[in-house]
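Novice: Take this structure first; my questions come after.
The values are calculated or read from the model by the stated rules, or taken from the named source; none is laboratory data. Bear in mind that the values here come from a model prediction, so they are computed numbers and not experimental data. When we count neighbours, we look across all protein chains shown, and the Cβ atoms used for this are built from the backbone with ideal geometry, even at glycine. Remember, those area values only see protein heavy atoms, side chains included, never the ligands or the DNA or RNA. Shrake-Rupley method; radii C 1.70, N 1.55, O 1.52, S 1.80 Å.
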Amino acid sequence: MACQQSRYRSFSSASTGQFSMGGHLSPWPTYTSGQTILQNRKPCSDDYRKRVGSCQQHPFRTAKPRYLEELENYLRKELLLLDLGTDSTQELRLQPYREIFEFFIEDFKTYKPLLSSIKNAYEGMLAHQREKIRALEPLKAKLVTVNEDCNERILAMRAEEKHEISLLKKEKMNLLKLIDKKNEEKISLQSEVAKLRKNLAEEYLHYLSERDARKILIADLNELRYQREDMSLAQSPGIWGEDPVKLTLALKMTRQDLTRTQMELNTMKANFGDVVPRRDFEMQEKTNKDLQEQLDTLRASYEEVHKEHEILMQLHISTLKERDQFFSELQEIQRTSTPRPDWTKCKDVVAGGPERWQMLAEGKNSDQLVDVLLEEIGSGLLREKEFFPGLGYGEAIPAFLRFDGLVENKKPSKKDVVDLLKDAWKERLAEEQKETFPDFFFNFLERRFGPSDAMAWAYTIFENIKIFHSNELMSQFYAVLMGKRSENVYVTQKETVAQLLKEMTNADSQNEGLLTMEQFNTVLKSTFPLKTEEQIQELMEAGGWHPSSSNADLLNYRSLFMEDEEGQSEPFVQKLWEQYMDEKDEYLLQLKQELGIELHEEVTLPKLRGALMTIDPSLDKQTVNTYMSQAFQLPESELPEDSDEKEEGVVEILQTALERLQVIDIRRAGPREPEPAN
């Protein structure tokens, strides 16, 4: 900037006296037609050389004022330098024009107010546009997050849809195979029935021919018998000695008997000629019955398979419609959504360069990276702020923030804030907790910085811990300060970590700070008897154990409990905290399921007490009373007794009661009794 000012002074001094005679501005180029004040071309271009040559060839044309030529040369030179640079921005390209305009303002004193107001108006508009762009940056980050969530949901839906479609295709193929098999069986049975009918017709024809042959045979036998009788009468001499009248009468009676017998025989043949033997009939009847039963069974199976096939076809059609709908939604989302962000672009923007960004982004997903980026942006905005506006004296404002007017921003470093919070916790744990945590926090600041600066430090600390969600110490302090979490949660967690460290130290007989993986596993199981094998495995992996490790490998257990200068714990302690929060959520979910009511319904004190004792029979009376006092916002001394009828009158919305229990340190006291087998 100093260089530009010096150039401006030399340029301005050299340009004095570039006015026309009489103190008026030169009227050029009003009388010079076809000339341009400034050509936006590089001096080294061919077009520029042609124009210079043409100017030299026509020396009698009206020359430009020297001041204008110097301005054009200066502007052309600056633009050329910017074009040679690789990282010049649009705003940087405005700088030469801004300087030329300032030259005009400084040299033309008469028009300086008007030109200055024009320049200020444009500068104000540019500043306004920059502020608007800066305000839209968080919205852009939010859009990126929403796009990422939508992409994940679409991928999950697509994977689920592919899985369901593959299952339906497999089931369809199996059903088609079953239908083909049943059709083959049906065709086989139909061919067998046709064969049996053919055999039955052949048997029927055979019996008809047998009947006709039997009739012919009987007629032949009768004829032979008559002939033999006639022959025997002719050969027997004693017969002729009998009475012819008697013989004639006997012959007549015999022929009558023969005629009657023949008629009876013909009647029986006529009546029973088509009758088959009972044994064959029963056999054929049994076969026919079996075939009919098989046919009925196959028909029922076919109807069932047909219905299932129709149902599957309807499911297939609905699945295709859902697939088309999801595909349309996917195309719409892909059309309207923004692309996945390239987080590597942040390394050149975040303070500290690529090394610090790599350290911040290591092991984090996109949602966590957005939090990190927001923290970086928020910390930058905090450093730029000189004052905070007071929030007033409303009832919703925390006591330590009630102030009207501007409050100074003390601008401490992140490490200073962490050290101050650690000192506050030490002092809080050392004294008797007679006052609320917000009151203690403000009194602590008054003792540390004096009454005059206490409010400024309260606003400064509050704004810092509100921004840094990823910092474990700051986020927990903020939750306790705003009443979203009881301070007993923090105290109990610290005591748990200290007890675990003590158990590991006791197991270290050599006092070398080393434990074997087997000892590490034993200490975890003895300290946390209610944790599952999977949770113990997670803690061991967070401590540095790998499946390929052996039980004899040594572990530096003291390094698991160290903190960095910003109060961040090691992954092992962070995993302990995550498991504690998961166990609390699961405990409250079991409580809700045991109650068996919706969140918006009311729950009575005895019902909530009974549900707690059911899911956690090891709870003592004092702990249950503490939970009841928190859930129903009653002092423990005013809680009704178990047998008191007033218990039924103490009710609360279930969601409100669960949210209140979420604030305090609620955890399982013992294992849940298994349900009796039926």
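Novice: Which members of segment 613-629 meet the condition of being open to solvent by less than 20 Å² (accessible area, probe 1.4 Å) and either within 12 Å of Leu658 (Cβ to Cβ) or touching a Gly at 6+ places or on another chain (Cβ under 6 Å) (or both)? Lay out the reasoning, then the answer.
Specialist: Initial filter on segment 613-629 (open to solvent by less than 20 Å² (accessible area, probe 1.4 Å)): 615-616, 619, 624, 627-628.
Tyr627 - this is the single residue of segment 613-629 that is open to solvent by less than 20 Å² (accessible area, probe 1.4 Å) and either within 12 Å of Leu658 (Cβ to Cβ) or touching a Gly at 6+ places or on another chain (Cβ under 6 Å) (or both).
Novice: For segment 30-111, list the helices (runs of 4 or more DSSP H) that sit wholly inside it and hold at least 3 residues that are surrounded by 12 or more Cβ atoms within 10 Å (Cβ to Cβ) and at pLDDT 50 or above; which are they?
Specialist: Numbers: elements: 46-57, 66-84, 90-107.
The helices (runs of 4 or more DSSP H) meeting that bar are 66-84, 90-107.
Novice: Any residue at all in segment 141-163 that's of a type in the set (Val, Ile, Thr), out of contact with any helix residue (DSSP H, G or I) (no Cβ under 9 Å at 6 or more places or on another chain), under 30 Å from Tyr67 (Cβ atoms) and part of a helix (DSSP H, G or I)? Step through it out loud before you land on a result.
Specialist: Here is the first cut: in segment 141-163, the residues of a type in the set (Val, Ile, Thr) are 144-146, 154.
Okay, now just the ones that are also out of contact with any helix residue (DSSP H, G or I) (no Cβ under 9 Å at 6 or more places or on another chain), so 146.
The next check asks that each one be under 30 Å from Tyr67 (Cβ atoms); those that pass are none.
No, the conditions are met nowhere in segment 141-163.
Novice: Let me confirm something: among Glu293, Glu310, Glu332, Glu303, which residue is surrounded by fewer than 13 Cβ atoms within 10 Å (Cβ to Cβ), without any contact (Cβ under 8 Å) to a residue 24 or more places away in the chain, out of contact with any Asp or Glu (no Cβ under 6 Å at 6 or more places or on another chain) and closer than 30 Å to Ala201 by Cβ?
Specialist: On the way: Glu310 fails: closer than 30 Å to Ala201 by Cβ; Glu332 fails: closer than 30 Å to Ala201 by Cβ; Glu303 fails: closer than 30 Å to Ala201 by Cβ.
Criteria check complete, one pass: Glu293.
Novice: Can you confirm whether Glu432 is open to solvent by 60 Å² or more (accessible area, probe 1.4 Å), assigned to a loop (DSSP other than H, G, I, E, B) and at pLDDT below 85?
Specialist: Details: open to solvent by 60 Å² or more (accessible area, probe 1.4 Å): yes; assigned to a loop (DSSP other than H, G, I, E, B): yes; at pLDDT below 85: yes.
Criteria met by Glu432.
Novice: While we're looking at this one, here's another question. Could you list all residues from segment 553-595 that are among the acidic types (Asp, Glu) and under 30 Å from Pro671 (Cβ atoms)? So that I can check it myself, show each step before the final result.
Specialist: Here is the first cut: in segment 553-595, the residues among the acidic types (Asp, Glu) are 553, 563-566, 570, 578, 582-583, 585-586, 594.
Within segment 553-595, Glu570, Glu578, Asp582, Glu583, Asp585, Glu586, Glu594 meet the criteria.
Novice: Which of (1) hydroxyl-bearing (Ser, Thr, Tyr); (2) modelled with pLDDT of 90 or more; (3) within 30 Å of the chain's Cα centre (by Cα) does Ser470 not meet, given it meets every other one?
Specialist: Tallying (1) hydroxyl-bearing (Ser, Thr, Tyr); (2) modelled with pLDDT of 90 or more; (3) within 30 Å of the chain's Cα centre (by Cα), Ser470 fails exactly one: (2).
Novice: Just for segment 378-421: of the residues that are open to solvent by less than 60 Å² (accessible area, probe 1.4 Å) and among the basic types (Lys, Arg), which one is farthest from the chain's Cα centre (by Cα)? Give the steps one after another, and end with the answer.
Specialist: Kept after step one, since they are open to solvent by less than 60 Å² (accessible area, probe 1.4 Å), are these residues of segment 378-421: 378-380, 382, 388, 390, 392, 394, 397-401, 405, 407, 409-410, 412-414, 417-421.
Going one step further and asking which of them are among the basic types (Lys, Arg), we end up with 410, 414.
Details: Lys410: 41, Lys414: 33 Å.
Of everything passing the filter in segment 378-421, Lys410 is farthest from the chain's Cα centre (by Cα).
Novice: Sort out which residues of segment 415-435 are within 17 Å of Tyr478 (Cβ to Cβ) and in contact (Cβ under 8 Å) with a residue 24 or more places away in the chain, and write them in order of number. It would help to see each step written out before you state the result.
Specialist: Kept after step one, since they are within 17 Å of Tyr478 (Cβ to Cβ), are these residues of segment 415-435: 416-425, 428.
Scanning segment 415-435 gives Val417, Val418, Leu420, Leu421, Lys422, Asp423, Ala424, Trp425, Arg428.
Novice: Tell me which helices (runs of 4 or more DSSP H) are completely within segment 531-618 and hold 1 or more residues being free of Cβ contacts under 8 Å to residues at least 60 places away in the same chain, under 30 Å from Val418 (Cβ atoms) and out of contact with any Asp or Glu (no Cβ under 9 Å at 6 or more places or on another chain), or say none if there are none.
Specialist: Working: elements: 533-543, 571-595, 605-615.
The qualifying helices (runs of 4 or more DSSP H) are 533-543, 571-595.
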